[in-house]
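Structure first, then comments.
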Amino acid sequence: MEALPRELIAHICSCLPRADLRAFRLSCKAYGSIGLPYLFQDFEFRLWPSYHRLYQLEQLAANPDIAVRLQGICFESGVQLEYADYRYWQAQLCHEISSNWARAHAVNGTLNDDYEEFHSLLQARFTPDMPQKYLLYRWHLDQEAASVAHRHTGTMLRRILDALHQHQPAIRFKLVMTEPKITLEHLEQFNVAQYQNESPEDLDLRRRVHNRRMNCIDHFVHFLDATTHSNYGTRHLTAINLPHALLAHNHPNVVVTLQSTFRSLQKLDIKPSSFPHSERLSRGRVHDLGVSERNGAANHLLDLLDQSTNLDHLRLEFPDGEEVEYSSFLFDPTHISHTPRLWMLRLKSLSLSTFRCSWPNLAAFLGICNTLESLTLSSCRLQTGSMIDLLHFVPSMVLRHVAIEGTWYCDVDLGKWHSHTPEDFNMCVAATTYEGPYVHTGIRSRVEKFMLKGGKCPLPTRTADEQAEDIWEAMGDTSWHYLPFLAQPH
């Protein structure tokens, strides 16, 4: 096997999926070294509240061959489901595993005997003690999250990052709030006897939910503090589902950490979100982190952006259903006295998604961004204005790249506009109405060309004696089309 040409082995490694490549590298020491760059290509390390995971990151930092190929570190934390049920978890897991097995055998077809054997083996893995292990493992996750929430974890992470910086000086950092997942393998490997010395289970369910939220905030704060004060700094940061409670937190340590983080940012991709609703906290006396804090989070977010003196690239996506509070602070000119929006004067790239505003406020907002080179606007409710107004305004900005994406509800147009790519058109309600062309030769391509170079707008302007809506609807294709409101939106 080792006599095969190195080029042939490298070509085989480049064609294999990562799951198969891991097994392929174990078959031979020579294959392991040849396949290493392909296995760790564009490698992102997922970190979550676990000391064992921190140890694995430390071992990675001590291996120069792997560390040099690391592209990013993604830290994931969140709160467990409040009402977790073992039977629901088992049914959901069985459905997921069965679906994956069926897709893997769909090419060659499957026999009933094969499926019965697979199903019986799967059911045998759910042993009688599994329900109790499930409850104990949930409490173990709470205990581990509380342990990692201590401040010394940030010091440990900073030391690991400094060691990693010696081999890979450029890494992107990402924060993601997501529910901790419990897999079947986790419970099979969970040894209850090893964790008998943990604290006894807290019977106050309200306090447990509250502590989970506090621990999640502490995790994010320690991660940001470690990255900011490490040799890396936080020049590039992606924050997905960042909780409102973190942005609105008024603890001095949290405020200082957020300000230090934003002060060094050059590229930011952020999507605020909220903790899952808690019925227990809403009925109890424990303060529900995240309730009635969205306005404070929106205001603090703009204050933090003003701290970003080096910010060049910004992507803002507001949470669906909660975009009103953030849009009000971002576009309403009455808030400029409190948040002067100095960050807008330096931006080179701006992307806004899921927002709501009036046309005069949007025009004034875009007029301030006079250094922009790239603009992407996606999924908006445009009040007191038409899509045609926006199309005629953008050419005056003299951009190198511009894109209008998603669904736009325009009150003046009495309808909504859809801007599609070939990948997302099948999800459109009008997927069977239009036929070709797609992006390169369609209306969307002509609209984007007009916004970049000016000239004659491909879509007519509304006039008093002509129904422009009928013309818009007739001109539509798969890439860009207008759909009238069936009922007046609220």
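The values are calculated or read from the model by the stated rules, or taken from the named source; none is laboratory data. Since the structure is predicted, the reported quantities are computational estimates derived from the model, not experimental observations. Cβ coordinates were reconstructed from backbone atoms using ideal geometry, including for glycine residues, and neighbour counts include every protein chain displayed.
Please return the ranges of helices (runs of 4 or more DSSP H) entirely within segment 236-297 where 1 or more residues are in contact with an Asp or Glu (Cβ under 8 Å, 6 or more places away or on another chain), acidic (Asp, Glu) and at pLDDT 95 or above. Break it down into steps so the answer makes sense when it comes.
Working: elements: 244-247, 252-263, 279-283.
Hits in segment 236-297: none.
Return the residues of segment 155-214 that are more than 23 Å from ASP225 (Cβ to Cβ), modelled with pLDDT of 90 or more and acidic (Asp, Glu); say none if nothing qualifies.
Hits for segment 155-214 are GLU179, GLU185, GLU188.
Looking only at segment 200-235, filter to residues that are aromatic (Phe, Trp, Tyr) and in a helix (DSSP H, G or I); which one of those is nearest to SER274 (Cα to Cα)? Full working, then the answer.
If we filter segment 200-235 for residues that are aromatic (Phe, Trp, Tyr), which is where we start, we get 220, 223, 232.
Filter once more, keeping what is in a helix (DSSP H, G or I): 220, 223.
Details: PHE220: 14, PHE223: 19 Å.
Only one residue fits best here, namely PHE220.
Tell me whether segment 167-179 contains one or more residues that are in a helix (DSSP H, G or I), farther than 30 Å from ALA91 by Cβ and not charged (D, E, K, R).
Our first condition is that a residue be in a helix (DSSP H, G or I); within segment 167-179, this holds for none.
There is no residue in segment 167-179 that is in a helix (DSSP H, G or I), farther than 30 Å from ALA91 by Cβ and not charged (D, E, K, R).
Mind counting the residues in segment 76-92 that are under 27 Å from PRO243 (Cα atoms), at pLDDT 90 or above and exposed (fewer than 14 other Cβ atoms within 10 Å of the Cβ)?
Final tally of qualifying residues: 2.
Just give me the residues in segment 338-362 being surrounded by fewer than 18 Cβ atoms within 10 Å (Cβ to Cβ), at pLDDT below 90 and assigned to a loop (DSSP other than H, G, I, E, B), in sequence order.
Residues satisfying the conditions are HIS338, PRO340, ARG341, ARG346.
Taking TRP417 as meeting all but one of (1) out of contact with any Asp or Glu (no Cβ under 9 Å at 6 or more places or on another chain); (2) of a type in the set (Phe, Trp, Tyr); (3) within 20 Å of ILE270 (Cα to Cα), write down the number of the exception.
So TRP417 meets the others, but not (3).
Among residues belonging to segment 382-402 that are assigned to a strand (DSSP E or B) and under 18 Å from TYR482 (Cβ atoms), point out the one that is modelled with the lowest pLDDT. Walk me through it before giving the result.
Of all residues in segment 382-402, those assigned to a strand (DSSP E or B) come to 382-383, 401-402.
Of the ones still in play, those that are also under 18 Å from TYR482 (Cβ atoms) are 382-383.
Numbers: LEU382: 94, GLN383: 89.
Restricting to residues being assigned to a strand (DSSP E or B) and under 18 Å from TYR482 (Cβ atoms), the top hit is GLN383.
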